[in-house]
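Asker: This structure is in structure tokens; I'll ask about it shortly.
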Amino acid sequence: MSDVVERTLSALPGLLGQHDPGAGPGGGPGRFSATSRLGSLIRSITALSSKHEEEKLIQQEQTNLKATVSAPTTTLRLMKECMVRLIYCEMLGYESSFGYIHAIKLAQQGNLLEKRVGYLAVSLFLHENHELLLLLVNTVVKDLQSTNLVEVCMALTVVSQIFPREMIPAVLPLIEDKLQHSKEIIRRKAVQALYKFYLIAPNQVQHIHDKFRKALCDRDVGVMAASLHIYLQMIKKNASGYKDLTESFVTILKQVVGGKLPIDFNYHSVPAPWLQIQLLRILGLLGKDDPRTSELMYDVLDESLRRAEINHNITYAILFECVQTIYTICPKSDLLEKAAKCIGKFVLSPKINLKYLGLKALTYVIQQDPNLALQHQMTIIECLDHPDPIIKRETLELLYRITNGQNVTVIVQKMLDYLRQSKEEYTIINLTGKIAELTMNAVFSVGGDVMHPDIPNNFLRLLAEGFDDEKEDEQLRLYAVQSYLSLLEEEDTFYPQKFLQVMSWVLGEYSYLTNDGDPEIIITRLHRLLKQTFVTSETKAWIMTAITKMSSRMSCSKTVDKLIQEFSTSLDTCMRQYAFELKHLCENKELMKKLLPLDASCDEIMVDASLSFLDGFVAEGLRCGAAPYKPHHQRQEEKLSQEKGDMSSSGFTGRQSPAGLSLGSDMSGNSAEIGQKETNCLKLDGVRKLWGKEGYLPKKENKTGKEDKTQPVPPDSILMGHVVDPPLMQSEQQVVSLSEEEKEKKQLASTLFVGLGSNSSISLMGRADTINQKLKKKSKISETQNSEEASSFQNIATLPFSPLPDTAPNNKENFQGNEHLGLRKVSLSSSEVLEASVSFDTSQSLREAGLDEKLSNCRLSTSSLFADSNIEVFQPPKTVPDIVARKAPLSLCLPEELAGHPHSEIVELCSCDILTVYSCKVWTDDCSLLVLFVANNSTSPLKTVNLVFETTEHFKIFESLSCHFPVIEAQSMESCQKCVQLEKVCTEGILSGSISYHLDMDTHLEFSLIFSLSDFIRPMKITTEDFGRLWLSFSNDVKQNIKMSPSQGSLSIALNALKQKLKLHIVEIIGNEGIAACQLLPSIPCLLHCRTHARTLALWFRSSCSALPDSLLYQCQKMMEES
Amino acid sequence: MWQKYSSRLPASCNKQTISEPNRKMIKFFLMVNKQGQTRLSRYYEHVEIHKRTMLEAEVIKNCLSRSREQCSFIEYKDFKLVYRQYAALFIVVGINETENEMAVYELIHNFVEVLDRYFSRVSELDIMFNLDRVHIILDEMVLNGCIVETNKNRILAPLFVLDKMAES
């Protein structure tokens, strides 16, 4: 089908000139009526070659349209055409608001199709809040009451597309009535309209919830399906309110899956796939965290998995949704197992879309089941280097979910690699945010105090200045606040000072973002920290600043009061001062709010350029605060700050403390405005100052605001520079020391997947409960050791998937080797077939004359595959299957009824210790048969052997894509045959599939083989007259001149060569001209006319199929070149 | 300068935008040809007209940059593009992260099959000359960003009625 579309679409350029005057479908206007104005507009549009031309054309068009739509003589029919032209103008990006009102008029006055187009134009032109929309309401009300069902339908459609919220009451009763209508389409559209209302004004449809239930139980599938959209939304909001419906949804899904729906709901013989997907989504929401509800759906999920066995994209879509649901609801082990297998199939698939889906599913389930990542680690590693950046990015997303303290450096490195290549801005922003998240927790908690002081500074700057996307920033900040809060929940845990400082800054600055966090609680936690002995005074200063910021946002707080009391008598002068400041600020909330505005950490700092006030202040300060006009408390502060003048380690002095200064300035009677500016500046200044240590900030107190404002460093370079480099070098060295690429990958795997799995799981992401372990302070060395230990442990645990060269026992190595061997064999055999099919009959293995001779080209080299020497090359002598492989072919032979037909040599497709698959192509007159032999090499019977082909666009396999052998006895063989047809013309294509069997465990082997066009070509025996008649009736033709080599000599020699290879039927040869015919199975004819002239051979193909001549010509050329 | 920042939305507004779920599973449906000319566009979320042309240009640039071996899904800004190519025509659907890519990929094909049935072998010109009808078909299938009908008979039924009435 798609093929048909493709071909007709590709023929477009040719069609453009010759408009078909024939009537359009359903008797509408001509299919391409070139005479109309619309027609000429379309022609001009297709002929456009520049943006400038387009502008000119559309402006002209708009002028014309403006005149036409406002002319009173314009008929409705013409108006309808004008609307379509207007739609074109808007589609190309030229606003045509002059026509909007006419669209509404057309909807009002038009007759059926005109009315529909009017409504369509309205829905395309206007948006939800457009004022003109109100003018539509009357028309809609009138149409809803119409006796003409078509009009009712249109009105309902437009209502569910676009309708002013405030006018809902005007139509709601009418639409409710339609729920009882006898026609399904009316009921269905009414439900859709109600869905729209639910979206824009949920309260207005609250009273009709019982009617939704009725719709859900409607006897018509369409109405039921429409109601599911409403239910999905409602359940998303409040799952607990709809648990009683679970059984209904399950029953519906069962019926759908069981094929109880009318046949026209099928899509490619899958029953109502999109409906299934919708139901699965709903079930997932209902079953989440609810064992009892989940219980109800296990059966139907199992059935869905089972039923979706056909290899088609749409079943993959269903399977994906199924897997997601299974992992969302309360787990059931056998379902999980099946889902995991399904994911495995996706991830391993050569189909890129399926691989993407597999990675997405894996990303979704990985947090619940990290072992799954271990199983697929090699695939994941391969995907990391995938040429498709989208696949790469999805893989990074997956890794992001499994990041823990031990693998964070490697993963961040991978992300940075990607970042360097990525050009798209959004990706960069998004990924940088993630890197920041990963690094901040992992690095801060592990690296702790030994880190360079710039790192936390830069991180905070990243957080504060944010990216361009406001929403993204908010989320990152919110995430930070939440994760820190959960960290602080733990009592008596030790955190590095730097980490605590970052935490308190973030909490102070952004804790208002959380809905659930009562500021009182946060303050209590911070307060608790203050009393800890391990917290240094520098950190305490950070915490106090945070508390000050937070208290500005609340009216009063007991904790704050308590805290003020406690610390005003503290021995630590710093703390005392802070408590003092806080107290004063609390007394003057107004000032406090101005002083500490929300989310102002990035605000431009305003410094009073003249510094007049500050000069005085500094001068006064130098004079030890003796000036009479200063209030008492400020003098005292200054004294205090002098007392502790040597406390330079904390990086600030009393005078620089943000709040103290502001307080002083405000009270000293200077202009409030300046005071405010100052405080703004200094508040930030104070915070910044705290980030740095020795020498980071200049000593001159009041200028720091300016000087501190250094150019923000791009976030990625910060991270590269400081966070990642040292560990990266380490990992690079590791990798370099291992020569082979495979080893590298395994090494990478071991670093990436360390810490995953059953007991060592300490994921950082969103797991507050395990964070304890990870936060134990370690020196860097011991940390590395630990992770190395863990990684080797991990490798032993998951040996079959990632044997490290040094730790893996030998036999495992062999296993690995075998797998590779299998793969190589497959590719080898297929490439040989390929070669063989193009080389000419030099083979001695020809057995039959005639057609067989022509067809035997495939068997040439394959016989050697079973010779000892050939096997030796790829297989170490010790390994198991070679003996069997040598024996097996002896018993291989085609069934009698096929043995008489020309066929290829029997070749091995794939094999393992247990079984071997051989294939043979048989070319009968009317089809190409593929005979497959499955040999059981083991000594025990094999049960449930399933052979499945994948769907490809090129080939079609008859009856079914799969082949099932209930049992294959030990040392015996079963065979099956499939008829293969070329679905889409190509010169060569790969047919791949897999075989699975159960012996102790499920095993899965993949294979592929090549079919070429010539496999599907048969001679067509026709007479010269027939040829002439057919020749004229075909429109697709291809002509080409080919140089002939001297050896090819005359026409008859060349033609005979072609005849043998391409299986042509030579109709007649007259002199230097010849004609031949063949057909592509089942019966697409292709004719060839050739003529020799000097040393060239002019080939002229004609066929009813457009792609065939091209492909045949290609084959001819190839053959002529080779012979 | 700092007034600029203080005039930002109050925190409560921001919170709302965060919690507001992105309900429109399908954000837009486009048909664009290889030359980058839009043949059909339907937005299920309001996008300003000049932003549409920019978006469409970006979208087709993204699609054209990909080879057949690469997957048909593109992560683009905060949403995803699912595209399918039919000869010189790309059909691109923008979806949010909760929508099932493969389901949309097949939805596109279903749409083309419906067009194919209605026009009996659809071509790009059919779509251009019958833009209104193609829109009507699409409106039957996707509404409000949701897939509402996939049964071909039912999708085409209203249009067939309209055609019949126009004839008589």
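Nothing in this text is a laboratory measurement; each read-out follows from the coordinates by a stated rule. Keep in mind it's a predicted model, so treat the numbers as computed, not measured. Positions of Cβ are generated from backbone atoms using ideal geometry, with glycine treated the same way; all protein chains shown enter the neighbour counts.
Asker: Provide a whole-number value for the mean count of partner chain Cβ atoms within 10 Å of the Cβ atoms in peptide A:389-396.
Answerer: On the way: counts 5, 10, 3, 0, 2, 3, 0, 0.
Shielding by partners across A:389-396 averages 3.
Asker: In a shell of Cβ-Cβ distance under 12 Å around residue A:165, excluding residue A:165 itself, what net charge do Lys and Arg (+1) and Asp and Glu (-1) give?
Answerer: Taking every Cβ under 12 Å from that of residue A:165, the sum is -1.
Asker: How do A:379, A:533 line up, fewest other C-beta atoms within 10 Å first?
Answerer: So the residues, fewest neighbours to most, are A:533, A:379.
Asker: Further question on the same structure: Please work out whether region A:322-413 counts as rounded, prolate or oblate from its C-alpha gyration tensor, where a ≥ b ≥ c are the square roots of the eigenvalues and a/c under 1.5 means rounded, while otherwise a/b larger than b/c means prolate and anything else oblate?
Answerer: Taking the square roots of the gyration eigenvalues as a ≥ b ≥ c, region A:322-413 is oblate.
Asker: Return A:298, B:118 ranked ascending by Cβ neighbour count within 10 Å, so the fewest neighbours appear first.
Answerer: A:298, B:118
Asker: Could you order the peptides B:91-97, A:497-503, A:73-79 from most to least packed, using the average number of other C-beta atoms within 10 Å per residue? Working shown, then result.
Answerer: On the way: B:91-97: 21.1, A:497-503: 24.6, A:73-79: 14.3.
For the peptides B:91-97, A:497-503, A:73-79, the packing ranking is A:497-503, B:91-97, A:73-79.
Asker: Oh, and also: Which of rounded, prolate, oblate describes region A:129-237, given a ≥ b ≥ c as roots of the alpha-carbon gyration tensor eigenvalues and a/c under 1.5 marking rounded, otherwise prolate only if a/b is larger than b/c?
Answerer: Oblate, since a/c reaches 1.5 and b/c is not below a/b.
Asker: Using 7 Å Cα-to-Cβ label points, what is the residue A:49/residue A:984 separation (nm, one decimal)?
Answerer: Going from the residue A:49 label point to the residue A:984 one covers 3.3 nm.
Asker: Less than 12 Å Cβ to Cβ from residue A:146, Lys/Arg counted +1 and Asp/Glu -1: what total charge do the surrounding residues give?
Answerer: +1
Asker: How would you rank A:251, A:916, going from fewest to most other Cβ atoms within 10 Å of each one's own Cβ?
Answerer: Ordered by Cβ neighbours within 10 Å, fewest first: A:251, A:916.
Asker: Can I ask one more? Of the cross-linked pairs A:105/A:214; A:260/A:332; A:183/A:338; A:338/A:978; A:105/B:77, which ones have a Cα-Cα span greater than 31 Å in the structure shown?
Answerer: A:105/A:214; A:183/A:338; A:105/B:77
Asker: Still on this structure, I have one more. Can you pull the mean other chain C-beta count within 10 Å for peptide B:35-44? Don't jump to the answer; show the numbers that get you there.
Answerer: Values: counts 3, 0, 6, 4, 3, 2, 6, 5, 2, 1.
Per residue, the average neighbour count from other chains is 3.
Asker: Looking only at other chains, what is the average number of their beta-carbon atoms within 10 angstrom of each beta-carbon in A:353-365?
Answerer: What the average comes to for A:353-365 is 2.
Asker: Then there is this: Sort A:273-283, A:950-960, A:576-586, A:1026-1036 by the packing proxy (mean of other Cβ within 10 Å over each peptide's residues), most packed first.
Answerer: Sorting A:273-283, A:950-960, A:576-586, A:1026-1036 by mean packing, highest first, produces A:273-283, A:576-586, A:950-960, A:1026-1036.
Asker: What list of ³J(HN,Hα) couplings, whole Hz, do you get for region A:926-942 from phi and the Karplus terms 6.51, -1.76, 1.60, once you set θ to phi - 60° and write x for glycine and proline?
Answerer: Values, residue by residue: 10, 7, 9, 9, 10, 9, 10, 10, 10, 9, 8, 8, 8, 9, 10, x, 9 Hz.
Asker: Let me ask another. Could you tell me which of the pairs A:984/B:164; A:414/A:943; A:56/A:80; B:80/B:164 are separated by over 32 angstrom between their Cα atoms in the structure shown?
Answerer: A:984/B:164; A:414/A:943; B:80/B:164
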